[in-house]
Amino acid sequence: MQHLTLTTTRLHLRPVEQQDVPAHVRLWTDAEVRRHLGGPVDAEVVRAREQGCVGAPGLLSIVRRADGQVVGSVLAEAEARNGHTEISYQLLPEHWGYGYAREAVTAVVDWAAVALPGREIVAVTQETNTRSRRLLDAVGGILAERFVEFGEPQVLYRMPFRAS
C-alpha cells in the first residue's frame, strides 16, 4: 500500500510527502479534529509521527486537485482490526462540509475491495461522532457492532464491496 495513489474528480490521494507534514501535524493537534479521537496528540508523539509519516504504508494525504492543498488524510491499514482492513480519515475543519471525506473514503474502499480481495473492510468511530457516522452511512457502511474502546462507546461499520 505504500505507493498507492488514487485520483477522484476533485482529489488526489497519495503517500505523504515532506511538504504535507505541517497539515498532518494540524490534524494530530487540532482540538476540533481530535474531539472524537481522544484529544490532541501530545508533543512527543507528534515528533515521532513527523519522523515516520512521510511514505508510511497506507497513509495518504488527501490533496485538492484544483490547488494542491492538503485537506486531510486517509489511512488504510491491512489486518488492523481482527484481520480486517480498517479505513480511517481526518479532514481539517475548514474543509468540512464539502464532501471531500466522502469522496476520499469511497475511493479507498473501492480500491481496497479490489486490491485486498476477501478482506473485510471496516471503519470505526465514536458513537457520538454524528458527522462521521453520517459519512459512513452515506458510503453504504453497515452498522455492525457497538463496543467500548478508549473509555468511549464506539461503532464499527462494515463497508460495502462496490468493485466493478
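Before moving on, here are some points about what is shown:
- Residues being open to solvent by 50 Å² or more (accessible area, probe 1.4 Å) and hydroxyl-bearing (S, T, Y) - total across the range 109-164: 3
- Cβ pairs under 6 Å, 6+ apart, first in the range 84-103 and open to solvent by less than 40 Å² (accessible area, probe 1.4 Å), second among the β-branched types (V, I, T) and assigned to a loop (DSSP other than H, G, I, E, B): Q90/V33; E103/T8
- For the range 51-84, the set of residues classified as of a type in the set (V, I, T) and within 26 Å of G39 (Cβ to Cβ) consists of V54, I62, V70, V71, V74, listed by residue number.
- If you go through the range 98-128 and pick out every residue that is modelled with pLDDT of 95 or more and on the phi > 0 side of the Ramachandran plot, you end up with 1.
- Test: residue in the range 27-37 that is part of a helix (DSSP H, G or I), without any contact (Cβ under 8 Å) to a residue 24 or more places away in the chain and over 29 Å from V148 (Cα atoms): no
- Cβ separations smaller than 6 Å between residues 6+ apart or across chains give the following pairs from the range 134-158 residues that are farther than 19 Å from G83 by Cβ to residues that are in a helix (DSSP H, G or I) and not aliphatic (A, V, I, L, M): L135/R102; A138/R102; V139/T106.
- Residue in the range 57-71 that is more than 16 Å from the chain's Cα centre (by Cα) and under 24 Å from L156 (Cα atoms) present: no
- Those strands (runs of 3 or more DSSP E) of the range 45-164 in which at least 3 residues are within 23 Å of T8 (Cβ to Cβ) and of a type in the set (G, A, S), considering only elements entirely within it, cover 70-81.
The values are calculated or read from the model by the stated rules, or taken from the named source; none is laboratory data. Here the structure is a predicted model, which means the values were calculated and not measured. Every residue, glycine as well, gets a Cβ built from its backbone with ideal geometry; the counts of neighbours run over all protein chains shown. Calculation scope for accessible area: heavy atoms of the full protein, side chains included, ligands and nucleic acids excluded. Shrake-Rupley method; radii C 1.70, N 1.55, O 1.52, S 1.80 Å.
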